[in-house]
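Trainee: Below are the structure tokens for one structure; questions will follow.
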Amino acid sequence: MKQRIISAIIMAIILVPIILYGGIIFKILAVLLGLASVYELMRLKPNLPVIVKILTYLETIFIILCDFKFLKPYLYPVILISILLNLALLVFINNQDKYDYKDSFYLLGIILFIGIAFKNFIYLRNLNLKLIIYLFSITIITDSFALFTGKLFGKHKLAPLISPNKTIEGAIGGSIMGTIIASIIYILLFKVENILFVILLTLFLSLIGQLGDLIKSSIKRRENIKDFSNLIPGHGGIIDRFDSIIFVMLTYIVIRSFL
């Protein structure tokens, strides 16, 4: 627990000023977090050829940085090139033990998911710093109170085959407090005309964040690993820490597109 707290403090000292400052430094941060996430997911396929790994990193960088003005018009061509390139490698790499069609589609999923996730991280920061504060508050408060509530009142397992330590009581407590506190934060940060909508939106995003955490746990359970990496002592990897916020941000983008 001590190591976990120390790592959390160090992360806050590093991340908070960069997020507040924004600009090119924030874009670099998003790229580094994206590459670290790709690294962690590719670790599940240890036999991948080096050239495949390099191309996966490069394709992810391109997608993340497509928010730059000079690259923005080429977002979809870059995605199409990534798809064609990954499939074309099947012709030139004949060793199925190192790279087959399953690996190709797996890497495509990584490139698109991680690339788009951290591209939207940049997009939301450029759109409004207050949005980042609001969305992060949902996941942090939900996760914290889910942990505390689960330890104090947890009796019924939420998903015992996926994450034995999570309880229904913890999930409910996390969502209730996450919704209340994050909604208050939103109301303080923005001009609100419909408080009920804000509450319902926050509740939905809180639940989505917990779903993202369960999806991460499901992958780890299937791969029989404790953490995706040890990049953050006491916390695991980047995906272990950013799983919920990635799903929350992507969901918020989808909802916003319909408003």
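Trainee: Modelled label-to-label distance, PHE92 and VAL16, 7 Å Cα→beta-carbon offset: nm?
Mentor: About 4.7 nm separates the two model spin labels.
Trainee: Still on this structure, I have one more. Provide the three semi-axes, in whole Å and in decreasing order, of the ellipsoid equivalent to region 1-127 as defined by the square roots of 5 times the Cα gyration tensor eigenvalues.
Mentor: Rounded to whole Å, the semi-axes are 30, 21, 9.
Trainee: Which of the residue pairs LYS27/LYS216; LYS157/LYS226; LYS53/LYS166; LYS130/LYS216; LYS27/LYS53; LYS45/LYS119 have a Cα-Cα distance greater than 30 Å in the structure shown?
Mentor: LYS53/LYS166
Trainee: As I understand it, the value is the acute angle between the Cα axis of helix 195-223 and the longest principal axis of the Cα atoms of the chain; what does it come to in degrees, rounded to 10?
Mentor: Rounded to the nearest ten degrees, it is 50.
Trainee: Sticking with this structure for a sec: How many times 2.2 N^0.38 Å is the alpha carbon radius of gyration of region 124-173?
Mentor: Relative to the rule-of-thumb radius for its length, region 124-173 sits at 1.45.
Trainee: Explain nothing, just compute: Karplus ³J(HN,Hα) = 6.51 cos²θ - 1.76 cosθ + 1.60, θ = phi - 60°, for every residue of region 40-48 in order, whole Hz, x for Gly and Pro.
Mentor: Coupling constants for region 40-48: 5, 6, 6, 4, 6, 10, x, 8, 4 Hz.
Trainee: So, one more: Using only the Cα atoms, what convex hull volume per residue in Å³ does region 192-259 have?
Mentor: Output value, Cα hull per residue: 97 Å³.
Trainee: For LYS166, enumerate residues with amide H under 5 Å from its amide H, sequence gap 5+ or separate chain, H modeled in the peptide plane.
Mentor: Here the answer is LEU158, ALA159, since their amide H atoms fall under 5 Å of that of LYS166.
Trainee: Could you work out how far helix 2-21 tilts from the main Cα principal axis of the chain, as a 0 to 90 degree angle to the nearest 10?
Mentor: 80 degrees
Trainee: Under 10 °C and 1.306 mPa s, how fast does the chain diffuse according to Stokes-Einstein, given a Kirkwood radius computed over C-alpha pairs? Answer in µm²/s, whole number.
Mentor: 81 µm²/s
Trainee: Need the C-alpha centroid separation for region 8-38 versus region 141-203, integer Å.
Mentor: 25 Å
Trainee: List, in order, the whole-Hz ³J(HN,Hα) value for each residue of region 226-237 obtained from phi through the Karplus relation with A = 6.51, B = -1.76, C = 1.60 and θ = phi - 60°; use x for Gly and Pro.
Mentor: 7, 9, 6, 6, 10, 4, 10, x, x, 10, x, x
Trainee: For region 129-259, build the convex hull from the C-alpha positions and give me its volume per residue in Å³.
Mentor: About 114 Å³ per residue, rounded to a whole number.
Trainee: Roughly what would the spin-label model give for LEU58 and LYS155, points 7 Å off Cα along C-beta, in nm?
Mentor: 5.9 nm
Trainee: Can you tell me the 0 to 90 degree angle between the C-alpha axis of helix 75-92 and the longest principal axis of the chain, rounded to 10?
Mentor: Helix 75-92 sits roughly 50 degrees off the main axis of the chain.
Trainee: Right, something else. So, R0 is 45 Å and r is the distance between the beta-carbons of ASN128 and GLU223; what FRET efficiency does that work out to, to 0.05?
Mentor: 0.75
The numbers here are math on the coordinates, done by the rules we state, and not lab data. For clarity, every value in this text was computed on a predicted model and none was experimentally measured. Using ideal geometry, Cβ is built from the backbone for each residue, glycine included, and neighbour counts are taken over all protein chains shown.
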